[in-house]
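The values are calculated or read from the model by the stated rules, or taken from the named source; none is laboratory data. Since the structure is predicted, the reported quantities are computational estimates derived from the model, not experimental observations. So basically every Cβ, Gly included, is an ideal-geometry build from the backbone, and we count neighbours across all protein chains shown.
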């Protein structure tokens, strides 16, 4: 593979309009004097416009010159910078011998090195921003320079042996040191600047490789490494390194196998590690972990900064795959951002960090897209302007403009001032087969379903983080309502991790981090979505880690009702439970109605609830049990510390939050147990009671061969076939997920192979007089004596939905 910026003429040099715009026409804080050309001379290329590039990066850090100090939002952002610096400078003492800061003295924990550099960069930002108490303070400048010297002498550089986590040495510390050097550039002097650039280059010399054993850098790590090399190159004037950064993004050296711009299921990238974005919007890092809201957001964020730095120069990125960024935003972030929150099922171990709650991850995504908008072509720029406006406006929990950095504030206000109207709330059903996740978005609520399979890990717990996420992918259902802070405000340390909502589990608490980075022995996870609707069938064959628990779980997402089906729940030992709900209560006394009667609201209430036909929890919604069941209910005040789930970044302060938990007990060592209920998020008590009397969805099959339901209003049939089987008029020759929807004179059929192993799926629909109107490639149909046979080529489709439209003749 060759980078289009280095090859003459042909194919990949002829870039798509969007890619060309992104790489070469981004709105920049200042023009370059001579397009950033490299001086032609013997030896390494030298950046003629290093000062302009430095200023460009400085503007990203400080907001640039000309900001109005009288503007209230600007003044507030400046005040935040000053306040952060006041906190960060506390204890800074270059005369110490054990550490630059008294609380960062470890020589075994590498994050102490990174945090020291981050504090220096935070203080240096305030020193460089007009209007802060620290601006231009010469004594503070000298203290910062002495602090840099201390770190270079005692902790970081060629004379020091790295310890603990490579990320801190090659990325975390290097990024912060680079930023501090840009902020303090005019005060550094030649010798100190040389020590800084040499130290960074010692740990991070190559944008293609990282770690002490020089592994191939992939995904977000490759973009982070590239960012380190690029800013270091600007500081040292190394044009050759900027060329290597540009080429590293496309993985020129590896013939594109680890390009961060290409979809991992396309062309040469399919031969790489599999880390990065897929065409369905999935993002994987650390091989098989879903990570859109963690490493994915960091990749987007740092790439947007790099594109800004390199745009309009000889090193501008012109790879046509740059146009894939549009797909990342549309499919990889938009469905997973819910009114300022990122669905926790795709945030990896970051959910266990107190600094990442409160919609912080969504802020990073918004900042990245704001940077990218000026580089998109007209229609796309308008579309993403409308999207960002919506994202900012719909988050009533955390005001983006009151928390973002100065440069992003200025850029976001330009977006908001645009005449383009906000997009409006997302209403869609989106599945991500490549990472075993689904998102159901309705006007009054959103729902996330988290599964795993032989292809995807269950959860990540490394570096002593995310220690209690054992069941994060055992069918966890995340319900997002107008309680925008539900998954913030200490949810993850205080929720009962053994009873996450939606999961089927064997009661008990495994050891910290038990089973992390484990795939299932089952292939069946996924489903089918009907295009242009909020209709989807989703399911998983659960084979639990650490026990013999096995079960079949389905969620039929039919607009405002979700039919939850379970069958074949078996375990050799232990008590098996399915969790109907586990809700952190915004109102500790939120009313729970059981068949219309109010349950006690005091903390500590627990009860066995017999013959439950319907439940309603105020502020959450309703639950209908067409076949009355026995449930267990519990109200409790749960107290924990973040340290319990994160030894590395947790705190020891106790936090207490109120919860209501409802679960169905399948008994000890169950055999063939199951469940069935209708979840109606945001429904009123009256609507819930009405649906209890006349359920809008009826069960058709709940065996170990097939789960199927029918919607009464239009006759829609939704089915998950675990093996060959029949659900009334629909028969499948093997595993499949199917939706059959009558629609006037037509019948729409959507199907998939959730095992991602079958070469074809054959369905028999016992309805005569149907013929094909349209079909996706690879889908065909032919009449049979009883109706019509549909044959779909599912080889290589990786669980994607295939569609067919039939009509009555």
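For the range 645-674, the set of residues classified as outside any strand (DSSP E or B), over 15 Å from residue 565 (Cα atoms) and over 32 Å from the mean Cα position of the chain (by Cα) consists of 669, 670, 671, listed by residue number. Exactly one residue out of 477, 561, 565 is buried (at least 20 other Cβ atoms within 10 Å of the Cβ), within 19 Å of the chain's Cα centre (by Cα) and closer than 30 Å to residue 797 by Cα: that is 477. Here the condition is being without any contact (Cβ under 8 Å) to a residue 60 or more places away in the chain and part of a loop (DSSP other than H, G, I, E, B); of 434, 423, 414, 455, it holds for 423 alone. Restricting the first member to the range 523-539 and to residues that are closer than 13 Å to residue 748 by Cα, and the second to residues that are assigned to a loop (DSSP other than H, G, I, E, B) and at pLDDT 95 or above, the beta-carbon pairs closer than 6 Å and six or more apart or on different chains are 528/801; 529/801. Kindly indicate whether any position in the range 602-615 is in a strand (DSSP E or B), over 21 Å from residue 489 (Cα atoms) and in contact with a helix residue (DSSP H, G or I) (Cβ under 6 Å, 6 or more places away or on another chain). The answer is yes; a qualifying residue exists. Across the range 695-707, not a single residue is classified as closer than 28 Å to residue 279 by Cα and touching a strand residue (DSSP E or B) at 6+ places or on another chain (Cβ under 8 Å). Of the residues in the range 86-94, at least one is at pLDDT 95 or above, part of a loop (DSSP other than H, G, I, E, B) and closer than 15 Å to residue 156 by Cα. If you go through the range 541-555 and keep only what is surrounded by 20 or more Cβ atoms within 10 Å (Cβ to Cβ) and outside any strand (DSSP E or B), you end up with 544, 545, 549.
The condition of being out of contact with any strand residue (DSSP E or B) (no Cβ under 6 Å at 6 or more places or on another chain), more than 19 Å from residue 276 (Cβ to Cβ) and free of Cβ contacts under 8 Å to residues at least 12 places away in the same chain holds for only one of 340, 378, 358, that being 378. Would it be correct to say that residue 771 is assigned to a strand (DSSP E or B) and either at positive phi or surrounded by fewer than 19 Cβ atoms within 10 Å (Cβ to Cβ) (or both)? Judged against the criteria, residue 771 is a match.
Looking across the range 99-122 at every residue that is over 30 Å from the mean Cα position of the chain (by Cα) and within 15 Å of residue 146 (Cα to Cα), the one that is surrounded by the most Cβ atoms within 10 Å (Cβ to Cβ) is identified as 100.
For (1) surrounded by fewer than 24 Cβ atoms within 10 Å (Cβ to Cβ); (2) not in a helix (DSSP H, G or I), each residue gets a yes or a no:
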{"residue": "284", "(1), (2)": "no, yes"}
{"residue": "301", "(1), (2)": "yes, no"}
{"residue": "308", "(1), (2)": "yes, no"}
{"residue": "316", "(1), (2)": "yes, yes"}
{"residue": "321", "(1), (2)": "yes, no"}
{"residue": "327", "(1), (2)": "yes, no"}
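Taken over the range 401-411, residues that are buried (at least 17 other Cβ atoms within 10 Å of the Cβ), in contact with a helix residue (DSSP H, G or I) (Cβ under 7 Å, 6 or more places away or on another chain) and in a helix (DSSP H, G or I) amount to 5. Look through the range 594-644, keep the residues that are more than 19 Å from residue 499 (Cβ to Cβ) and within 33 Å of the chain's Cα centre (by Cα), and return whichever of them is surrounded by the most Cβ atoms within 10 Å (Cβ to Cβ). Among them, the one singled out is 624.
Is it fair to say residue 489 is in contact with a strand residue (DSSP E or B) (Cβ under 8 Å, 6 or more places away or on another chain), surrounded by 22 or more Cβ atoms within 10 Å (Cβ to Cβ) and either part of a loop (DSSP other than H, G, I, E, B) or touching a residue at least 24 places away in the same chain (Cβ under 8 Å) (or both)? Judged against the criteria, residue 489 is not a match. Residues to consider are 247, 206, 186; find the one that is in contact (Cβ under 8 Å) with a residue 24 or more places away in the chain and in a helix (DSSP H, G or I). Criteria check complete, one pass: 247. Scanning the range 524-543 for residues that are at pLDDT below 95 and under 30 Å from residue 647 (Cβ atoms) turns up nothing.
Scanning the range 715-738 for residues that are crowded, with 22+ Cβ neighbours inside 10 Å, within 15 Å of residue 789 (Cα to Cα) and in contact (Cβ under 8 Å) with a residue 40 or more places away in the chain returns a single hit, 738.
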